[in-house]
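Here is the structure we will look at.
Coordinate-derived values only; no laboratory data. Just so it is clear, the structure is predicted and the values come from calculations on it, not from any experiment.
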Amino acid sequence: MIVTFVVSTTLVLGGMALGRMIAKSLVPKTDKPEDALKKDETKAKEAAQEPVKEPEKKEAKPSTTSLDGFPCQLGDVLTRPGGDEAWLAGAVVFSEDVPVSVLFIAPDAGHDRAIYVRREPDAPFFWLRPVEEKSLVAAAEPPSALEHQGVRFERKRRLPLRAKRIGTGAPDLGEEVLVAEYGSPGTERMVVVQHGGRARAFHGDMLEAGMVDVLPSGKSTLDA
């Protein structure tokens, strides 16, 4: 009996000791406060030594408008009989669902000139200059007829369009405009753009497509 009690007691005590060992092995080890502090200091030093990465800058893509179907493009150089040239640095594109006409602007030492073209096969070129007279046209609506420098012009076309500037040097004509084209008995032409209660007029000559040489230069000229 005594032997059995001793053996039983020994087994119980051994089981308890083994249970404590297993329980300790299952409890996750935690760092001492001083060990945790050292780790935090080490991480802080490593973070301070790492170079700061600058956020990647995405280059803004320039706004482009397709001028497919037009006789000339932004950046082209045009020449006309007599040796006059025009470098198309900027433009105002007039659109419905797609661009229907463009007023190109060519910087000049004396006075900027404008080239107006339509999106039509063999479309003529209107070789123009801005008109200074502010009282030439009414501000509310392009008139059916007007007179300039002793020449009477009849309105041939009037279209409500959207306007968008591209390139450099193009005038701000607003976003919603009325574009009116005027013809004379001869080759003189006028273009009037109504916008925001104001009017901008351009006067010059009509040149047939075969009379103007187009020297393509595209973006390479604009980037130079």
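Determine the gain in length on full extension of the stretch Arg80-Asp172; use 0.36 nm per residue of separation and subtract their C-alpha separation, reporting nm with one decimal.
Working: separation 92, 0.36 × 92 = 33.12 nm, distance 2.71 nm.
The Arg80-Asp172 span can extend by a further 30.4 nm.
Using a cutoff of 8 angstrom between alpha carbon atoms and counting only pairs six or more residues apart, the relative contact order for the stretch 77-219 works out to 26 percent. Using θ = phi - 60° in the Karplus curve 6.51 cos²θ - 1.76 cosθ + 1.60, the 3J(HN,Hα) couplings for the stretch 204-217 round to x, 10, 8, 10, 5, 4, x, 8, 10, 8, 9, 9, x, 9 Hz; x is entered for Gly and Pro. Distant-in-sequence amide contacts of Ser217, defined by a placed amide H-H separation under 5 Å and a gap of 5 or more residues or a different chain, comprise Asp76, Val77.
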